[in-house]
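Taken together, the values in this text are just the output of simple stated rules run on the coordinates, not laboratory data. Please read all numbers here as calculations on a predicted model, not as lab measurements. Neighbour counts are summed over all protein chains in view; Cβ atoms, including those assigned to glycine, are modelled from backbone coordinates with ideal geometry.
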Amino acid sequence: MFNFKHAQRSIELIEEFLTLIDQGSLIFKDGVKNYLFGNRENFEDNLKTLANLSSEADIKKRDIENILYTQSLMPQLRGDILKLLEELNNIIELAKTNLFEFDVEIPFIPSELNQDLIRLTELSVLSIDSLIPAARVYFRNPESVKEQLHRVYLYEKETDKLALSIKRRVFQDMPQLKLSEKFHLRYFALHIEILSDKAQDAADLLSIMAIKSSI
């Protein structure tokens, strides 16, 4: 009963942790949009909120690690679960870091790129949004994880395609931009795109974990 109580508490903490990652991705999406449209006050609120969510997620991750170790819970799965938590925490940490890069470097983004960059952000965040339910279901019904993950890979591929299209447009169809500005735009497209790559990394790990649990 003692172990069951702590196992339940660890799963509750994991659920709370996943909610923070989910919220962080949405704030990142909102932050990029507010930056593109010059909504400075809202953008600064996004920065503060995302920083707080990232800190909360880090604390929650440490709490989960502590309870898994001190109560000797799920020893066969513990290593993989800790790796998954690290991958997920990397997502929100990267989202925070990348949004702050907009604030620090203040990239010049032509308004004709706004809709493409908004769509790129939406696709990248959708890969994270698709990952969270798969992570949740792993702790209830690991057999159904695989069917949940196909959306992560789909959105990651679509993100890559659109990112490539944006970069090609910047370098080939926008002669009015300086080369330095083109490099800067490519860099910030990568900031957005890379979140979907991190979601894919976590999905790969989750897929392996589901296979292990079925053996």
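Just a few scattered comments:
- Backbone phi angles across region 11-27, fed through the Karplus curve with coefficients 6.51, -1.76 and 1.60 (θ = phi - 60°), yield HN-Hα couplings of 5, 4, 5, 5, 4, 5, 4, 4, 4, 5, 5, 4, 4, x, 5, 5, 5 Hz in residue order; Gly and Pro are listed as x.
- For the chain, a Gaussian network of Cα nodes joined below 10 Å ranks Leu179, Leu26, Leu164 by mean-square fluctuation, and the top entry is Leu179.
- Mean Cα-pair separation over length for region 97-196, i.e. relative contact order, pairs under 8 Å, 6 or more apart, %: 40
- Here the Gaussian network model covers the chain, with springs between Cα atoms less than 10 Å apart; of Glu181, Glu193, Glu147, Glu147 fluctuates the most.
- Extending 7 Å from Cα along the Cβ direction at Thr97 and again at Asn52 yields two label points whose distance is 2.4 nm.
- Computed from the C-beta positions of Lys178 and Ile106 and an R0 of 22 Å, the FRET efficiency is 0.90 to the nearest 0.05.
- The candidate values are (i) 63, 39, 31; (ii) 68, 34, 20; (iii) 58, 45, 37; the one derived from this structure for Cα extents along the principal axes in Å carries the label (ii).
- All other residues whose Cβ lies under 12 angstrom from that of Ile92 are scored, Lys and Arg at +1 and Asp and Glu at -1, for a net of -2.
- Entry note, the chain: relative contact order of 25 percent, from Cα contacts under 8 Å with a spacing of 6+ residues.
- Rounded to the nearest whole Hz, the Karplus-based 3J(HN,Hα) values (6.51 cos²θ - 1.76 cosθ + 1.60, θ = phi - 60°) of region 94-102 follow the sequence 5, 4, 4, 4, 5, 5, 5, 5, 4, with x at glycine and proline.
- Proximal lysines to Lys33, defined as alpha-carbon separation beneath 23 angstrom and excluding residues fewer than eight positions away on the same chain: Lys48, Lys96, Lys157, Lys161, Lys167, Lys182, Lys198
- Residue by residue, region 116-129 carries 3J(HN,Hα) couplings of 5, 6, 5, 5, 4, 5, 4, 5, 5, 5, 4, 5, 6, 4 Hz when phi is fed to the Karplus relation 6.51 cos²θ - 1.76 cosθ + 1.60 (θ = phi - 60°); x denotes Gly or Pro.
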